[in-house]
1. From A:119, A:148, A:161, which residue is more than 16 Å from residue A:55 (Cα to Cα) and assigned by TED's automatic domain parsing to the domain that holds residue A:182?
2. Got a number for residues in the stretch B:215-237 being closer than 17 Å to residue A:105 by Cα, in contact with a helix residue (DSSP H, G or I) (Cβ under 8 Å, 6 or more places away or on another chain) and without any contact (Cβ under 8 Å) to a residue 24 or more places away in the chain?
3. In this structure, is residue A:199 under 22 Å from the mean Cα position of the chain (by Cα), at the interface with another protein chain (Cβ under 10 Å from one of its Cβ atoms) and crowded, with 18+ Cβ neighbours inside 10 Å?
4. Between a first residue in the stretch A:171-197 that is at positive phi and outside the structural domain of residue A:313 (by TED's automatic domain parsing) and a second residue that is part of a loop (DSSP other than H, G, I, E, B) and surrounded by 21 or more Cβ atoms within 10 Å (Cβ to Cβ), which pairs have beta carbons less than 8 Å apart while being 6 or more apart in sequence or on different chains?
5. Name the single residue that is nearest to residue A:163 (Cα to Cα) among those in the stretch A:278-300 being assigned to a loop (DSSP other than H, G, I, E, B) and within 12 Å of another protein chain (Cβ to nearest Cβ).
6. I'm told residue B:128 meets every condition in (1) surrounded by 23 or more Cβ atoms within 10 Å (Cβ to Cβ); (2) more than 13 Å from chain A (Cβ to nearest Cβ) except one. Can you identify the failing condition by its number?
7. For the stretch A:225-244, which positions are assigned to a strand (DSSP E or B) and either within 14 Å of chain B (Cβ to nearest Cβ) or at pLDDT below 95 (or both)?
8. Can you pull out every residue in the stretch B:324-337 that is facing chain A (nearest Cβ under 10 Å) and assigned to a helix (DSSP H, G or I)?
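The values are calculated or read from the model by the stated rules, or taken from the named source; none is laboratory data. Computed from a predicted structure; not experimentally measured. Cβ atoms come from the backbone with ideal geometry, glycine included; neighbour counts cover every protein chain shown.
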């Protein structure tokens, strides 16, 4: 009484459909911003500051090999390195079970905080964010995204895999070394469920896929930012965030884990082009991006995976928090025009 | 083509149920933070920097009188002053109508940006935020909240009235003079609709009101922060934000506009107690609060109005934006204990 039963713990308010992971230990994680960390735990030479890597990419002659750390040994000379977050939002050594909850009678449900929380360090170079790194390195990052998401998607009791990147402290990054994160959840979060169901409803009511139809309609229109053989980038018509954009594969697939290697190489190029344009247009702003994919093993065939990028150019405040409705001071058509011209100028 | 048809414009993505107000002119509003404004437009003497006030509270002998500005004349010696936002998210001089939209075929709908956006300046004193002002002054602020919300609730085509307060730039306040805002919308936002429907469903399925039942259950429990004759303050079991708390009236009413004067006086006291405790516990953090009320004229009798307070002690990042699920590093039981003890220490 007075404390969560499990640490971490997943709580759902079923009346309001609000999910939260209560994770007190994460309050202890280090922050460059606040503590002026003198050593970066993600830089080469400091590998013992992190848990053993489940996946390490190493250059070996002309090929990239995939290795993993064993016990206290750490693979040296890595290009990309993936390991469990030292301050995980969820823990894989817990079983997934419903907890008896004192508020259950009012529609609250609690589960043990089972899940996976991994870090993908994108480069040995502390400053190699997408605009500042080589296309070749970014292609390796996309392969690592694919490897980690694929592995976690088929772990027992995993219902959704969320891959995201936070850039700068204002967008929630506590360490500045280039990295992404993957959280594998034992439940399907409500906004994912709503989105997947919206795709299914569109398919049932009108046939086809809303995102395929949208891409076709927006090509050549005022919200188009970029298009190549594999991807189309749009400023969505009802953008919640200033300069929000979506990277949409032309080929209809439910998840990033269904992609071809050539699509992943193309995605590296699109991310580099768009994030470089964003950096130049808005003085290197903070941003978040997230991969939107169908839940594994969940009749998700009508869903169309994509990446949503949210530059942090405004503060969402009392109005947004109270209504779920947004005020966006940048019309998507103006944002798309600026991004389109900048990407052309960059020669992509 | 290439720009919104109306300025501002309300857009709804009906597939994903996302609403946004596209308001380009709001990008031009002044910001103390960025521009080092030398003059505060909300301070006495600068009334001509703002539109004429629709409501001004003035002390006249022993009583408070309610006046309004006429044309270029400005009432002097005011205690509370309410006027239209100079950079409104919505404009009342537009008619409310659906716009023909090029993306309508894919489930997007657009409306003219009709609505009201008012500012309530809470004191002539530039630093009189709730912990630093008198209870008497805060009681006037609650009366002004009531007057403005009541008036806007019955304007033609208004479907929802949102009252909120942003404190500090990190929580979205562009001016530091104590003020709150009211936005009256021509639509019911999706999260309000979901919440009202959840109350109605609970009432239909189990009888009674979920918030009445919750208050009864939580009284004396580990998430109770404060209770008096009129209000109960709780850290909700599935708190999304560290140290989030809800101020819940004991008397079941659908909206703040149904309150008695004595309830509003009690609310002033509860806000002062809780916001003072918050300031002392966390070094004066930014916060947002919002009034949650039933939409006017909308069979809202099963709803139970309350105030939700969200301290901004963490950044919601890629995970939250991608899933709608939150990571909260402060268990509500721990947050409630700290707040409860601090409020007792303050003598409330």
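1. After applying the criteria, what remains is A:161.
2. So the answer is 1.
3. Judged against the criteria, residue A:199 is a match.
4. A:172/B:317
5. Here the residue is A:293.
6. For residue B:128, the exception is condition (1).
7. Passing the criteria: A:225, A:234.
8. B:332, B:333, B:334, B:336, B:337 - these are the residues of the stretch B:324-337 that are facing chain A (nearest Cβ under 10 Å) and assigned to a helix (DSSP H, G or I).
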